Amino acid sequence: MNALSLRNLRKTYNNGFEALKGIDLDVKAGDFFALLGANGAGKSTTIGIISSLVNETSGTVSVFGHDLRKENQQAKRCIGLVPQEVNFNQFETVRNIVLNQAGYYGMSSKEAKISTEHCLKQMQLWDKRDTVSRRLSGGMKRRVMIARALVHSPKLLILDEPTAGVDIEIRRLMWEMIREVNQNGTTIILTTHYLEEAENLCRNIAIIHQGLIVENSDMATLLGRIHVNHFLLDLANPLQVAPQLEGCVCELVEEKVLSVSVPKQTSLNQLFEKLSALNIEVVSLKNKSNRLEQLFMDIVQ
Amino acid sequence: MNSAIALRTIAFKEIRRFVRIWPQTLLPPAITTALYFLIFGKLIGSRVGTIHGISYMEYIVPGIILMSVISHSYANVVSSFYSTKFQHNIEELLVSPVPNWVILLGYIMGGIARGLLVGLVVTLISLLFAKIAAPHLALALLVAFLTATLFSLAGFINAVFADSFDDISIIPNFVLTPLSYLGGVFYTVEMLPDIWQSISLANPILYMVNTFRYGLCNVSDVDTVLALIITSGFIVVLTLFSLLLLHKGVGIKN
């Protein structure tokens, strides 16, 4: 069953800007799905329409088989949204923010209290439950929004850049939390600018560009399309000119830093043999960019 | 979907909000109206004499109570709903399966609660200065309720269209306050020249103030039945308009 189906979804804003030019998209139940795109590509508009924050110009949205227009309440019950910007009442306590959201979904007081406690503990915020939300750190505020989105046990959780602006430690902690939510059966749609995040977490991916879906496949197939790996090598000794390596493209970034583009069929062992033959000693190696980032740039450029 | 729970959640949230900031919401009207009663009622009123057979102090008490109800029911909804828009936490409601009528009613209930609570505070203050016989108490309570409802709706519509904090003060300052002061709070329309009497009759607040005064003092410049019809009519029109705005997402959706 599809958790989400979009058909010929279009959106033209009042100023004439055509944000979506007729997109079709299916997300299977249980999936961890990445929706990627540059700023202004149309991903926030898409999420806005799915979560009823933006009125579509035409097209249909179906959530677990419920048409968002015709079966509005059933469709909305299935969705939990973690928006890009902090959007809760900054003067409310953490517990009341989550409890109020439970109330909007019609949960009884008893159910709401149990679920609020569960979600706040899951997001490691229980000890902050009586703190006024404006006093929380950026990472905690993001986790409050996740707890709030989960309180009514949605079947589809939409995360719109959930880790933007949080430090790497908190980001990794949030990844674990989100992964656990998905493992418990919740379908997740993630938008992010951290392509490493999408590569680590998601099984399927769509790339939206200028209001159109330009790529839609599973992550493994997509990454399998990479023909060249790009590496940065830290050298033991300085070089004056970039070496000539057969089949590879080398560029000297600094005296002791060499950028190498290696065909996928060339193994690292072969590369090091070639370098050793030229008496070039490598101290360390790293990917020049994330693999998905390479593909993303290839697709949207 | 249990709409009753959602309604209770919104209404309680709204009531908690103004009670939590009581020094800003409940205390100022007590002080302001005490000054009105002291200056207009006690000091100046003693020189005015009687109007329609009652003292000037007794004459102005209903108007000042209702003026407080009007301004505070309006202020509660316009400031709360605009803040909800401004902080984007309106999205919490838009994402969830809360029907539009529940959103509207929840905010209106908050406005009514504050309007009536302020009205009660002002009434208690007024008892220090005048005796209120309240021969038609039920009518007075009905008018207070309808007035609070009407101006809560007006505050909601103002908040929907507002794009800045300036926009939520323009209507109260330049429309509501003049209409309230010219709505027969401090005088009977019989005191005015004919042309101004006719103009005053186009002011809906005049009808509410006089009907409320009839409920508390048995004195009115207008037909009370007509006043109830006019007030109810406005409530119906503003309710339908508010629901239309919510349905279209004016001011709250892209």
Magnitude of the charge dipole, the stretch A:193-265, Cβ model with Lys/Arg +1 and Asp/Glu -1, debye to 20: 220
As a check on your grasp of the helix formula, calculate [θ] at 222 nm for the protein assembly as shown: sum -39500 (n - 2.57) over DSSP H runs of n ≥ 4, divide by the residue count, round to the nearest 500. -16000 deg cm²/dmol
Relative contact order [Cα under 8 Å, 6+ residues apart], chain B, whole percent: 26
Could you give me the ³J(HN,Hα) list for the stretch A:195-210, computed from phi with Karplus coefficients 6.51, -1.76, 1.60 and θ = phi - 60°, whole Hz, x at Gly and Pro? 5, 4, 4, 4, 5, 6, 9, 9, 9, 10, 8, 10, 10, 10, 9, 6
Give the lysines reachable from A:LYS110 as a straight Cα distance under 18 Å; neighbours fewer than 8 places away on the same chain don't count. A:LYS121, B:LYS13
Label-point separation, B:VAL219 to B:LEU142 (7 Å along Cα→Cβ), nm: 2.3
Work out, step by step, the length gained on full extension between A:ILE168 and A:ALA277: first 0.36 nm times the residue separation, then minus their alpha carbon distance; give nm to one decimal. 35.3 nm
How crowded by other chains is A:146-153, given as the mean number of beta carbons from other chains within 10 Å of each beta carbon? 1
Quantify how strongly other chains surround peptide B:97-110 by giving the mean number of their Cβ atoms within 10 Å of each of its Cβ atoms. 2
Treating the angle as unsigned and between 0 and 90°, give the value, to the nearest 10°, between the Cα long axis of helix A:168-183 and the longest Cα principal axis of chain A. 60
Which whole-angstrom value gives the distance between the alpha carbon centres of the stretch A:40-66 and the stretch A:87-148? 26
If you line up the long axis of helix B:27-36 against the longest principal axis of chain B, both from Cα atoms, how many degrees apart are they, to the nearest 10? 20
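Using Cα-Cα distances under 8 Å and only pairs 6 or more residues apart, what relative contact order does the stretch A:60-195 have, in percent?
Once divided by the residue count of the stretch A:60-195, the mean separation gives 29 percent.
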What does the extension gain come out to for B:ALA134 and B:LEU43, with contour length at 0.36 nm per residue minus their alpha carbon separation? 30.3 nm
Most mobile of A:GLN84, A:GLN244, A:GLN124 in a GNM of chain A (Cα contacts under 10 Å): A:GLN244
Quick check for me: using +1 on Lys/Arg Cβ and -1 on Asp/Glu Cβ, what's the dipole size of chain A about its Cα centre, in debye to the nearest 20? 1280
Report the one residue of A:GLN240, A:THR191, A:GLY211 whose Cα lies farthest in the direction of the positive end of the charge dipole of the stretch A:186-273 (charges on C-beta: Lys and Arg +1, Asp and Glu -1; origin at the Cα centre). A:GLY211
Area accessible to solvent at A:CYS250, 1.4 Å probe radius, in Å²: 30
When only Cα pairs under 8 Å and 6 or more residues apart are kept, what is the percent relative contact order across the stretch B:1-144? 40
Between 0 and 90°, nearest 10: helix B:204-217 axis offset from chain B longest Cα axis: 60
Quick shape check on chain B: root eigenvalues a ≥ b ≥ c of the Cα gyration tensor, a/c under 1.5 is rounded, otherwise prolate if a/b tops b/c, else oblate, and it reads prolate
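By how many nm would the segment from A:LYS286 to A:GLN73 grow when fully extended, if each residue of separation counts as 0.36 nm and the alpha-carbon distance is taken off?
71.7 nm
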Calculate the spin-label point distance for A:ASP130 paired with A:GLU251, positioning each point 7 Å from the Cα along the beta-carbon direction, and give it in nanometres. 5.9
Please give the solvent-accessible surface of B:TRP101 in Å², to the nearest 10, using a probe radius of 1.4 Å with every protein chain present. 130
Charge dipole (the stretch A:44-131, unit charges on Cβ, about Cα centre) - positive-most of A:ALA75, A:SER115, A:ILE97: A:SER115
Once you order the gyration tensor axes a ≥ b ≥ c over the Cα atoms, which shape class does chain A get: rounded for a/c under 1.5, otherwise prolate or oblate by comparing a/b with b/c? prolate
Probe 1.4 Å - accessible area at A:ASP127, Å² to nearest ten: 120
Between the residues A:LEU223, B:TYR82, B:THR224, the Cα farthest towards the positive end of the dipole of the protein assembly as shown, that dipole coming from +1 and -1 charges on the beta-carbon of Lys, Arg, Asp and Glu, is from B:THR224
Any of A:LYS43/A:LYS113; A:LYS21/A:LYS264; A:LYS43/A:LYS288; A:LYS43/A:LYS70; A:LYS155/B:LYS85; A:LYS21/B:LYS248 with alpha carbons more than 32 Å apart? Name them for me. A:LYS43/A:LYS113; A:LYS21/A:LYS264
For the stretch B:182-196, Karplus couplings with θ = phi - 60° (6.51, -1.76, 1.60), whole Hz, Gly/Pro x: 8, x, x, 5, 9, 8, 8, 5, 4, 6, 8, x, 3, 4, 6
Calculate the dipole size of the stretch B:137-254 relative to its Cα centre from +1 charges on Lys and Arg beta carbons and -1 charges on Asp and Glu beta carbons; express the result in debye to the nearest 20. 360
Which of the three applies to the stretch A:15-91, rounded, prolate or oblate, going by the alpha-carbon gyration tensor with a ≥ b ≥ c and a/c under 1.5 meaning rounded? rounded
Antiparallel DSSP beta bridges within the protein assembly as shown, percent to nearest 5: 70
Take the Cα of A:ASP24, step 7 Å along the line toward its Cβ, and report every residue of the stretch A:33-73 whose backbone nitrogen sits under 15 Å from that point. A:59-62
Taking the Cα centre of each part, how many Å lie between the stretch A:1-36 and the stretch B:61-123? 37
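The values are calculated or read from the model by the stated rules, or taken from the named source; none is laboratory data. Worth saying up front: this structure is predicted, and the values here are computed from it rather than measured. Glycine gets a Cβ as well: all are built from the backbone with ideal geometry, and neighbour counts include every protein chain shown. With ligands, DNA and RNA removed, areas are computed over all heavy atoms of the protein, side chains included. Shrake-Rupley method; radii C 1.70, N 1.55, O 1.52, S 1.80 Å.
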